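Below: the structure, in structure tokens.
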Amino acid sequence: MPLPPASSTLPNPPVNRHLLPEDLDAMLTAAVREAYEKPEADADQLTDRLRALVRPAWLLSRDRDTTGSGPLGGSRIGGLPDLPRGWQWPTTQLTRLPEDGAAATRGALAFTAQINLADVAGAADAGWLPLSGWLWFFRDEEDWSGGSKPNHVVLYADVPVTELHTAHPPADLKYLGDLGSGPERDSPLPVRLNRTLFLTANYKTDWQSRGYDRLAEALDEEFDEDCAGFELFSEIQHRVNRAAVGDKSWEAMLLGRPTPCPPPGGACPCGRSTPSDVPGYDSDEGRPCAWACDSMFVLYDFWGDGPLVFTADARTAPAVQDGRWAGTKAWVY
């Protein structure tokens, strides 16, 4: 039995905000045809439905052609950042140190990752990602119960590589990343960015949009088997990833997975308590949610609780003030 046509009672998914380039569209088409063991016309119909729900993304895989930290300005997870000369390592105000009850003091945010946007092939696919320069991600990995303000920072600069230098955290401040649960200063991981697509469906985060729920239910009915839809989505994602990185493992993702609305563990400021078809957008009222965010960077398998996610407002061009990307959020799922 083929998928219900667009004119059926199954609602159409919303129009994709990012048009897929030919190579990514070919990757998706091939993955669906291989995973969905139906006539080609039926597979192409499913591909049509998925086009509106996928996102351009880049998988970060280990660069085995480099040693140590890799070249100055190279993309890496952990290690030390290559910051513009004259920039200070980002610090944060700690409200309380739990081991001694000390008064508020400052700490040095832990370095998470550095992305050379020149390594991001097809960066324009994202619609709002800068096409050149560097992104640096920092976070309070210790996450004190008293909190830190801010608990993360995303830096951005577009300067010649000759203006970069390898920075070190201030020696007189507590470094908020030596618990061994996140990227380590002494173990840099040079990475390559592999262009791909991400299906916003139940993958490593146990969350999916309403559009995927409805499409999965149609596939469950077609196969007369519970969870058949999401198993098919998982297989399609596996084939898409394989087309991007082959048999190599990957550690992180740039963009791709949109942030659910509402955020984990609470209600969204827009008043909704369940995800919409396009996360961050109010499909019931037809207006955008004020909390509309997309993932900037997702780092997997370094924390036991789930992936670390940095997000930013996906509706506007990034606002950078004093080298800091405004309006970002970060948490571990």
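The numbers here are math on the coordinates, done by the rules we state, and not lab data. Not measured: the values here are computed from a predicted model. Glycine gets a Cβ as well: all are built from the backbone with ideal geometry, and neighbour counts include every protein chain shown.
Grab the beta carbon distance between residue 234 and residue 303, set R0 = 22 Å, and tell me the FRET efficiency rounded to 0.05. E between residue 234 and residue 303, to the nearest 0.05, is 0.50. Loop-located trypsin sites (Lys or Arg not before Pro) across the range 12-93 with a Cβ neighbour count of 10 or fewer within 10 Å are 64, 85, with loop assigned by DSSP.
Couplings 3J(HN,Hα) for the range 161-171, derived from phi with the Karplus relation 6.51 cos²θ - 1.76 cosθ + 1.60 (θ = phi - 60°), are 4, 5, 8, 8, 8, 6, 9, 10, x, x, 5 Hz, where x marks Gly and Pro. The distance separating the Cα centre of the range 107-129 from that of the range 31-63 comes to 25 Å.
With a Förster radius of 30 Å applied to the C-beta separation of residue 156 and residue 26, the computed FRET efficiency comes to 0.40.
How much net charge surrounds residue 120 when only other residues with a Cβ under 12 Å from its Cβ are counted (Lys, Arg +1; Asp, Glu -1)?
Net of charged neighbours comes to 0.
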